[in-house]
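Trainee: My structure is below; once you've seen it, I'll send some questions.
The values are calculated or read from the model by the stated rules, or taken from the named source; none is laboratory data. Computed from a predicted structure; not experimentally measured. As a convention, Cβ positions derive from the backbone with ideal geometry for all residues, glycine included, and neighbour counts pool all protein chains shown.
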Amino acid sequence: MKLKNSKAMPILMNKNRQLCMFLGILCSLNFAIAQENYVTGQQQENAFTLFNQSQQAVLLIDTADFKGVKLVAKDLSEDFERVSGKLARIDSSGSASPEMPIIIGTIGKSKLIDQLAENGKLDINNITGKWETFQTQIINDPMPGIKQALVIAGSDKRGTIYGMYDLSEKMGVSPWYWWADVPVKKKESLYVKPGIYSDGTPEIQYRGIFINDEAPALSGWVGENFGDFNSQFYEHVFELILRLKANFLWPAMWGRAFYDDDPRNPVLADDYGVVISTSHHEPLMRAHAEWERYGNGPWDYTKNKDSLQAFWKKGIERMQNNESLVTVGMRGDGDEPMTEGTAIDLLEQIVADQRTIISDVTGKPVSETPQVWALYKEVQDYYDKGMRVPDDVTLLLADDNWGNIRKLPDPDEKERAGGYGIYYHFDYVGGPRNYKWINTSQISRVYEQMSLAYAYEANKLWIVNVGDIKPMEYPISFFLDYAWKPSKFNLKDLQQYPKKWAAEQFGEQYSEEIGELLQSYTTLNSRRKPELLSPETYSLEHYQEAERIWKSFEELEKKAQMLGKKLPEAAQSAYFELVLFPIEASANLNRLYIASAKNQLYANQGRNSANEWGEKVKEYFRRDQELAKEYHALENGKWNHMMSQTHIGYTYWQEPKENKMPEIASYQASEKGELGIAIPGDSTYFPQQTTLKLLPFDRSHPENQLTLFNRGKSAVDFKVKKIPGWLTVDQKKDEFKEEQILRFALAANKLPSKKTEAKVEIIGNGKMATIEVIFDPYSENAKGYLEYNGVVSIPANGYKENQGWEQIPDLGREDIALRPENRFSQELSEASSLTYEFSLKNDFEGTLQFYVSPSLDFLAKGGLELAYSVDGKTPQKLNILKDTKDNWGSSVSNNVTKVLSSLELEEGSHSLKVYALDPGVVLQQIVLQEKSAQDDSYLGPPPSIKK
């Protein structure tokens with residue numbers, strides 16, 4: 001394989017495939033891709049009438065076509081009823097053909113379609129022989145007695161099905177109409193514009209989801225509504241998958257067995273055309289639960305080979321001719337490692353024996369049965385140490401369960417007939433913590449990682465673990481939409497996707513606002529997943545971090561609530577499920593933990609408001625329960641149990657048995673008021689210490705504040721004395737019952753010409769505190785980002801010059817992340833650099849920190865690298881996995897890795913240049929921090945002032 005650069009995305013392909021792509025582009029110049037909505041409410045010349053007040057839609061289908069086509073035609077008929085109020089009539093006889101029918105069929109299975117092609121009425125050259133491709137167009141006088149027809153022709157079964165569901169979606173029926181109660185807007189008439197429409201051929205062959213059914217949510221909901229994970233349940237799943245133009249499923253597996261729970265499950269899947277496989281640790285179409293039910297002896301190939309082979313053989317026999325992707329290999333019992341070491345010879349023999357079973361049972365060469373080997377967790381070690389499987393087996397590479405791809409194909413290796421795939425996660429049970437309660441996956445991170453997968457040609461299979469399906473609707477849509485044709489999806493499409501998706505669910509009017517809400521809550525949640533939150537997460541002392549988090553969620557919540565009031569009643573359930581609940585629940589959870597942190601800190605400091613914050617903890621804990629009840633009551637209890645995942649009170653990776661409220665500290669205040677003082681950026685307080693130091697003042701930071709608090713019950717009288725002439729305070733004396741913020745500000749016309757220090761006295765109820773203040777001006781020549789209190793913080797997009805990096809919208813903890821654009825070289829180059837400017841007040845000795853996304857060594861080269869140079873000096877290389885104090889657990893928990901380098905600089909202005917050495921390096925922030933600078937914040941310092 002050879003790297004090829006593209007402006008939109010780096011693509012890997014050999015010369016033959018380059019030629020095929022070139023010819024494909026030429027062949028498709030007159031073949032419109034169905035990105036536009038070809039359905040309109042306005043009648044046009046030569047348009048096709050889908051329905052109006054006098055005309056009902058009729059669907060013509062050949063009885064010989066696939067059963068799945070006929071099943072989906074029924075869905076299409078019902079979609080017409082959802083939109084128009086009338087079912088579309090399905091005609092399979094053709095005896096009473098209307099003047100303007102919708103003719104639907106699959107090439108080679110429908111005489112209607114084949115006849116139109118033979119008679120020169122329908123050109124199917126662009127789709128014949130293609131994978132899952134459809135073509136929708138208007139034909140005049142297609143056959144005797146028919147004046148005009150809309151023809152939906154499919155290259156294969158799923159092509160035809162996608163064509164029908166595409167028409168449904170264009171009419172206004174969301175794929176989430178049932179799973180998220182998205183309303184369908186009624187219309188009096190609809191028309192199809194003249195033209196030929198298609199979504200082309202998908203670039204990822206298999207695209208699907210893994211239902212990682214975790215109790216008590218999905219399991220409780222299914223039990224209440226269907227009794228079991230049976231065909232009645234899976235019918236809804238299959239329909240959703242196909243409406244999203246996907247084709248692949250790993251069924252529910254914890255205690256579930258797709259084939260065994262309901263024999264109709266695989267039959268229905270094959271009818272619909274959904275390709276069934278089994279998860280990464282369930283070989284040869286047998287669910288793990290089946291071994292628990294029917295297995296004989298230990299799950300150990302060295303001790304129980306014959307029983308295991310008999311067990312697997314039945315799985316292949318039972319598969320029959322159903323379209324399947326057979327998992328090969330073996331992991332230990334219960335999704336665990338098989339052995340303590342890496343038993344390559346043993347696993348190679350297992351795979352060889354499994355392939356013999358496949359060949360013997362099917363009676364075909366084994367290569368004709370699609371197979372996949374999942375390099376998940378420790379199984380990748382087998383591959384890295386030399387284990388190989390036959391070339392026709394698809395290698396399913398995996399992320400680290402947290403959305404960071406572990407391995408990609410080596411461009412120098414020969415192509416595999418079976419190709420490569422990716423197993424990705426939106427939900428996970430395991431370390432460092434489970435995360436499965438609510439959506440925390442940024443679609444921009446999905447794009448960034450999966451675009452690398454596509455660039456390195458891992459394009460055979462993309463599957464994502466979606467947990468309970470709900471509440472992952474938004475990222476599921478994105479993952480599958482992107483999987484259809486990654487080469488046609490660029491940064492502009494990514495930026496517009498939230499609005500586009502919101503419009504598909506709620507209409508155009510508020511789509512931009514709803515899209516922003518979706519992106520904002522996901523970004524806030526991705527900073528630290530809810531299950532990882534604790535009272536210690538966000539700092540109360542530094543940078544007003546906890547207050548900023550509180551405010552961000554509060555503003556987002558208010559926007560979501562106000563917007564919800566503007567939407568029609570029909571949209572309220574969908575809006576609550578998709579937008580309002582995740583925002584309100586996330587905001588409330590963050591308030592809960594911040595309130596707990598304040599309760600603990602204030603009790604320790606002796607603030608009389610500590611108990612008040614303890615009551616707030618109880619209030620927010622109750623509110624969490626109320627929100628879940630509100631969700632469960634939607635649509636007359638349709639989604640009962642779905643928000644039952646525990647998410648409060650984690651102490652290790654596994655969830656608590658029930659949500660547990662944080663412990664509440666109590667403080668017994670004395671009757672007499674007593675002065676306390678807290679200073680930003682300092683964990684000490686008065687009276688713990690009698691002298692405190694206020695943050696420095698300069699022209700860029702002309703204001704600072706401190707908090708007076710009461711350690712008793714009666715009011716505190718205070719006075720502020722010895723204020724230097726260059727400083728003012730908003731209150732020199734007063735009294736307060738709980739807290740009083742004092743705001744100090746520079747007196748603009750009285751500033752010293754050089755660094756100046758002073759001491760302010762604050763007296764309250766007879767006790768005095770000394771507050772040290774300092775004015776520390778910048779040099780007149782200062783430029784760029786200005787150091788403050790020993791810190792310079794530069795956002796990734798705060799560059800002066802950018803050569804060869806691209807900003808991915810809404811990526812990272814602050815929405816400002818950059819990655820190298822098509823950079824695949826170890827050579828330093830001006831074409832892949834970012835230049836920043838900053839200024840220091842004093843000589844600097846400390847660390848230069850690069851905050852990067854927790855990308856992994858997917859190139860298997862020892863870690864991804866970047867390089868930096870200060871003031872034009874020799875560039876220094878840094879390895880994002882080695883030059884850091886973070887480990888994998890801290891990186892994924894924090895959603896950032898801090899890459900460190902020691903640095904000494906003289907005071908004054910400086911230039912920093914950052915070079916891209918490897919793809920996959922995503923830069924979020926740059927921080928210079930003096931050794932003496934205090935910083936226990938989670939997010940790090942906010943951006944410095946820029947001059």
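Trainee: Select, from Gly812, Gly863, the only residue that is surrounded by fewer than 22 Cβ atoms within 10 Å (Cβ to Cβ) and closer than 30 Å to Trp653 by Cβ.
Mentor: Details: Gly812 fails: surrounded by fewer than 22 Cβ atoms within 10 Å (Cβ to Cβ).
Testing whether each residue is surrounded by fewer than 22 Cβ atoms within 10 Å (Cβ to Cβ) and closer than 30 Å to Trp653 by Cβ leaves just Gly863.
Trainee: All but one of (1) within 24 Å of Ser890 (Cβ to Cβ); (2) touching a helix residue (DSSP H, G or I) at 6+ places or on another chain (Cβ under 7 Å) hold for Ser511, so report the exception by its number.
Mentor: Going through the list (1) within 24 Å of Ser890 (Cβ to Cβ); (2) touching a helix residue (DSSP H, G or I) at 6+ places or on another chain (Cβ under 7 Å), Ser511 breaks only (1).
Trainee: If a residue must be farther than 23 Å from Gly637 by Cβ and touching a helix residue (DSSP H, G or I) at 6+ places or on another chain (Cβ under 6 Å), how many such residues does the range 553-585 contain?
Mentor: Restricting attention to the range 553-585, the residues satisfying the condition of being farther than 23 Å from Gly637 by Cβ are 553-563, 565-566.
Among the residues that remain, those that are also touching a helix residue (DSSP H, G or I) at 6+ places or on another chain (Cβ under 6 Å) are: 553, 556-557, 560, 563.
Result for the range 553-585: 5.
Trainee: Right, something else. Among the residues of the range 890-947, what is the count of those that are among the β-branched types (Val, Ile, Thr) and farther than 28 Å from Tyr447 by Cβ?
Mentor: 1
Trainee: Scan the range 689-697 and give yes if some residue there is in contact with a Lys or Arg (Cβ under 7 Å, 6 or more places away or on another chain), outside any strand (DSSP E or B) and either crowded, with 16+ Cβ neighbours inside 10 Å or in the same structural domain as Asn789 (by TED's automatic domain parsing) (or both), otherwise no.
Mentor: no
Trainee: What are the pairs with Cβ atoms under 7 angstrom where one residue, in the range 649-674, is under 30 Å from Lys713 (Cβ atoms) and the other, located anywhere, is of a type in the set (Val, Ile, Thr) and surrounded by fewer than 17 Cβ atoms within 10 Å (Cβ to Cβ)? Sequence gap at least six, or different chains.
Mentor: none
Trainee: Related question: Which one of these is assigned to a loop (DSSP other than H, G, I, E, B) and modelled with pLDDT of 95 or more: Tyr543, Tyr521?
Mentor: Tyr543
Trainee: Residue by residue through the range 306-342, note down the ones that are at pLDDT below 95, out of contact with any Pro (no Cβ under 9 Å at 6 or more places or on another chain) and crowded, with 17+ Cβ neighbours inside 10 Å.
Mentor: Asp335, Met338, Thr342
Trainee: Residues in the range 651-676 that are surrounded by fewer than 20 Cβ atoms within 10 Å (Cβ to Cβ) and under 25 Å from the mean Cα position of the chain (by Cα): how many?
Mentor: Qualifying residue count for the region: 6.
Trainee: On to the next question. Failed condition for Leu786, given (1) out of contact with any Phe, Trp or Tyr (no Cβ under 7 Å at 6 or more places or on another chain); (2) modelled with pLDDT of 95 or more, with all others met?
Mentor: Exception for Leu786: condition (1).
Trainee: Look at the range 417-437 and say how many of its residues are in contact with a Pro (Cβ under 7 Å, 6 or more places away or on another chain) and assigned to a loop (DSSP other than H, G, I, E, B). Steps first, please.
Mentor: Step one: list which residues in the range 417-437 are in contact with a Pro (Cβ under 7 Å, 6 or more places away or on another chain), which gives 420, 426, 437.
After this cut, where a residue has to be assigned to a loop (DSSP other than H, G, I, E, B) as well, the list is 426, 437.
Within the range 417-437, residues that are in contact with a Pro (Cβ under 7 Å, 6 or more places away or on another chain) and assigned to a loop (DSSP other than H, G, I, E, B) number 2.
Trainee: Can you pull out the helices (runs of 4 or more DSSP H) entirely within the range 566-643 that have at least 2 residues that are at positive phi?
Mentor: Working: elements: 572-575, 581-605, 610-632, 634-637.
Output list reads 634-637.
Trainee: Scan the range 126-136 residue by residue and report those that are in contact (Cβ under 8 Å) with a residue 40 or more places away in the chain and not charged (D, E, K, R).
Mentor: Asn126, Ile127, Trp131, Thr133, Phe134, Gln135, Thr136, listed by residue number.
Trainee: For the range 685-692, check the following and say yes or no: at least one residue is within 17 Å of Tyr602 (Cα to Cα), at pLDDT below 95 and not basic (Lys, Arg).
Mentor: Residues of the range 685-692 within 17 Å of Tyr602 (Cα to Cα): 685-689.
Adding the requirement that they be at pLDDT below 95 leaves none.
No, there is no match, as no residue in the range 685-692 is within 17 Å of Tyr602 (Cα to Cα), at pLDDT below 95 and not basic (Lys, Arg).
Trainee: The conditions are (1) under 19 Å from Asp345 (Cα atoms); (2) in contact (Cβ under 8 Å) with a residue 60 or more places away in the chain, and Glu378 fails exactly one of them. Which is it?
Mentor: The failed condition is (2).
Trainee: Quick one: how many residues across the range 881-916 are in a loop (DSSP other than H, G, I, E, B) and either in contact (Cβ under 8 Å) with a residue 40 or more places away in the chain or of a type in the set (Gly, Ala, Ser) (or both)?
Mentor: So in the range 881-916, the residues in a loop (DSSP other than H, G, I, E, B) come out as 881-883, 885-887, 895-896, 906-907.
Subset that is either in contact (Cβ under 8 Å) with a residue 40 or more places away in the chain or of a type in the set (Gly, Ala, Ser) (or both): 895-896, 906-907.
Residues in the range 881-916 being in a loop (DSSP other than H, G, I, E, B) and either in contact (Cβ under 8 Å) with a residue 40 or more places away in the chain or of a type in the set (Gly, Ala, Ser) (or both): 4 in total.
Trainee: Now a separate question. How many residues, within the range 875-894, are under 21 Å from Trp805 (Cα atoms) and either of a type in the set (S, T, N, Q) or over 26 Å from the mean Cα position of the chain (by Cα) (or both)?
Mentor: 5
Trainee: Now for a different question. So how many residues does the range 702-724 have that are crowded, with 17+ Cβ neighbours inside 10 Å and touching a residue at least 40 places away in the same chain (Cβ under 8 Å)?
Mentor: Going through the range 702-724 one residue at a time, the tally reaches 10.
Trainee: Every residue in the range 116-136 that is within 19 Å of Lys193 (Cβ to Cβ) and in a helix (DSSP H, G or I), please.
Mentor: Residues satisfying the conditions do not exist here.
Trainee: If you don't mind, another one. Can you find, within the range 24-67, the residue that is modelled with the lowest pLDDT among those that are surrounded by 11 or more Cβ atoms within 10 Å (Cβ to Cβ) and among the hydroxyl-bearing types (Ser, Thr, Tyr)?
Mentor: Within the range 24-67, the match that is modelled with the lowest pLDDT is Ser28.
Trainee: If you don't mind, there's one more thing I want to ask. Just a yes or no: is a residue in the range 229-237 at pLDDT below 95 and out of contact with any strand residue (DSSP E or B) (no Cβ under 6 Å at 6 or more places or on another chain)?
Mentor: For the range 229-237, residues at pLDDT below 95 and out of contact with any strand residue (DSSP E or B) (no Cβ under 6 Å at 6 or more places or on another chain): absent.
Trainee: Still on this model: Could you grab me the full set of residues in the range 146-161 that are farther than 15 Å from Ile196 by Cβ and in a loop (DSSP other than H, G, I, E, B)?
Mentor: Passing the criteria: only Asp156.
Trainee: Still on this structure, I have one more. Scanning the range 532-575 for residues that are buried (at least 20 other Cβ atoms within 10 Å of the Cβ), within 24 Å of the chain's Cα centre (by Cα) and aromatic (Phe, Trp, Tyr), which turns out nearest to Asp682 (Cα to Cα)?
Mentor: Tyr538
Trainee: Could you pull out the residue among Val760, Val791 that is at pLDDT 95 or above, surrounded by 14 or more Cβ atoms within 10 Å (Cβ to Cβ) and outside the structural domain of Leu848 (by TED's automatic domain parsing)? Reasoning before the result, please.
Mentor: Values: Val791 fails: outside the structural domain of Leu848 (by TED's automatic domain parsing).
Only one candidate passes the filter, namely Val760.
Trainee: Now for a separate question. Here are the criteria: (1) outside any loop (DSSP other than H, G, I, E, B); (2) surrounded by fewer than 23 Cβ atoms within 10 Å (Cβ to Cβ). Tell me which single one Trp501 does not satisfy.
Mentor: Failed condition: (2).
Trainee: Next up: Quick check on this structure: which one of Leu746, Leu818, Leu751 is crowded, with 21+ Cβ neighbours inside 10 Å and either touching a residue at least 12 places away in the same chain (Cβ under 8 Å) or among the hydrophobic types (A, V, I, L, M, F, W, C) (or both)?
Mentor: Being crowded, with 21+ Cβ neighbours inside 10 Å and either touching a residue at least 12 places away in the same chain (Cβ under 8 Å) or among the hydrophobic types (A, V, I, L, M, F, W, C) (or both) holds for just one of Leu746, Leu818, Leu751, which is Leu818.
Trainee: Moving to a separate point now. Looking for something touching a Lys or Arg at 6+ places or on another chain (Cβ under 6 Å), buried (at least 18 other Cβ atoms within 10 Å of the Cβ) and under 25 Å from Ile664 (Cα atoms) - is there at least one such residue anywhere in the range 597-609?
Mentor: Taking every residue of the range 597-609 in turn, at least one turns out to be touching a Lys or Arg at 6+ places or on another chain (Cβ under 6 Å), buried (at least 18 other Cβ atoms within 10 Å of the Cβ) and under 25 Å from Ile664 (Cα atoms).
Trainee: Which one of Ile139, Ile113 is at negative phi, outside any strand (DSSP E or B) and touching a residue at least 12 places away in the same chain (Cβ under 8 Å)? Talk me through it step by step, then tell me what you get.
Mentor: Details: Ile139 fails: outside any strand (DSSP E or B).
Just one listed residue meets the conditions, Ile113.
Trainee: Follow-up. Need the failing condition index for Gln689 against (1) without any contact (Cβ under 8 Å) to a residue 12 or more places away in the chain; (2) under 26 Å from Arg591 (Cβ atoms), just the number.
Mentor: Result: Gln689 fails condition (2) only.
Trainee: Of (1) in contact with a helix residue (DSSP H, G or I) (Cβ under 9 Å, 6 or more places away or on another chain); (2) closer than 24 Å to Ser891 by Cβ, Tyr420 satisfies all except one. Which?
Mentor: Unmet condition: (2).
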